[in-house]
Ligand code: SF4
């Protein structure tokens, strides 16, 4: 098995062996992070001998592409890891409506892609293979937890996405490259249950010699792992936090997320989240899944208003229409019902958005990652209520 190129000791040993000057290491990392190169053979500033030696001994992204699905606003990658496990990442292309030129210019929307203005590029990354939390509406949860991803595999997803954007979009008018500028830990897994590796990967995301992203452009989305939020505070991580709330009361939350909600009750969780806001000054994003006849009732919207207005800073809630699939017996509410729920919240003074459904076309939308694997075993999963990991034992 090849060593990670981010293993500084091994790379330094190889450098010395080839009697290269120390700046060569910086050059390699520059190629990787700034020029989106993921093949050593493309680092033509290095000698052929050094490139061959690096290719033989090191890996940049520790997985290979198994499948790629594109829709107009998303690209989903299915990656196969060296051990045969599979993970997914999704690029979301956010376009901006064409507006008057002077306003566009001020806001920096100067790039045309296929006749539309490309505003933002977001990557949804996986932090685990499968997930142990087992939210009842989530396909990934039906896989069970198979393993935590290491740092190289987490940042490898960003490197791969940047390389893909380089090939797909070329350069901007100003000669700079298209790169992922927003990262959301909303792919497979519960990031706060793989905290150490997620934290180290964030270091590469923030580092000026790495992806050089702003803390405000990195979001950890959690189902409500209280000790993980506490660690984020202790470590001054100060990235954005999204809480998958999904219910305004303990009873409904326990039904939707049965595994963690006994230990991390809603009261304790909200107290922890409030502390995060107070210590970091960061606004929290609340996520709320809209499931027909379960979470879409008007009385729940009124309960949510009380709960959110009691928070220390103004809250924002995203309503996420449920993505139906044959492996789970739940349904998406009508658009009308969702909009009525939204209206109640807004009248109550809560800022609310209905999340657009980016990724639906490629089964890359929220809660859909792992779809194909689960679909194969849907009848068994439904009949037993067990996840795939347990069934395969
Ligand atoms: S929604 Fe998130 S936390 Fe819940 S099972 Fe799916 S991946 Fe895990």
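Some notes on this structure:
- Residue ID - nearest to the ligand (Cβ to nearest atom), chosen from residues in segment 177-192 that are over 24 Å from residue 5 (Cβ atoms) and part of a loop (DSSP other than H, G, I, E, B): 190
The rows are residues; the columns are (1) modelled with pLDDT of 95 or more; (2) buried (at least 19 other Cβ atoms within 10 Å of the Cβ); (3) on the phi > 0 side of the Ramachandran plot.
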| position | (1), (2), (3) |
| --- | --- |
| 153 | yes, yes, no |
| 177 | no, no, no |
| 231 | yes, no, no |
| 234 | yes, no, no |
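- Among the helices (runs of 4 or more DSSP H) confined to segment 297-384, the ones with at least 3 residues that are at pLDDT 85 or above are located at 298-309, 335-347.
- Annotation: residue 201 fulfils all but one of (1) farther than 20 Å from residue 74 by Cα; (2) surrounded by fewer than 22 Cβ atoms within 10 Å (Cβ to Cβ); the unmet one is (2).
- For residue 85, the stated conditions hold: it is modelled with pLDDT of 90 or more, farther than 21 Å from residue 221 by Cβ and within 16 Å of the ligand (Cβ to nearest atom).
- Residue within segment 144-161 that is touching a residue at least 24 places away in the same chain (Cβ under 8 Å), under 23 Å from residue 329 (Cα atoms) and not in a strand (DSSP E or B) present: yes
- Qualifying residue in segment 289-310 (condition: closer than 21 Å to residue 217 by Cα, surrounded by fewer than 19 Cβ atoms within 10 Å (Cβ to Cβ) and in the same structural domain as residue 138 (by TED's automatic domain parsing)): no
- Screening 107, 142 for residues that are within 16 Å of the ligand (Cβ to nearest atom), at pLDDT below 90 and more than 21 Å from residue 168 (Cα to Cα) leaves exactly one candidate, 142.
So that you can scan it fast, the table gives a plain yes or no per residue for (1) assigned to a loop (DSSP other than H, G, I, E, B); (2) in the same structural domain as residue 159 (by TED's automatic domain parsing); (3) surrounded by fewer than 20 Cβ atoms within 10 Å (Cβ to Cβ):
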residue	(1), (2), (3)
10	no, no, yes
19	yes, no, yes
26	no, no, yes
30	no, no, yes
75	no, yes, no
84	yes, yes, yes
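The values are calculated or read from the model by the stated rules, or taken from the named source; none is laboratory data. Please read all numbers here as calculations on a predicted model, not as lab measurements. Every residue, glycine among them, receives a Cβ derived from its backbone with ideal geometry; neighbour counts consider all protein chains shown.
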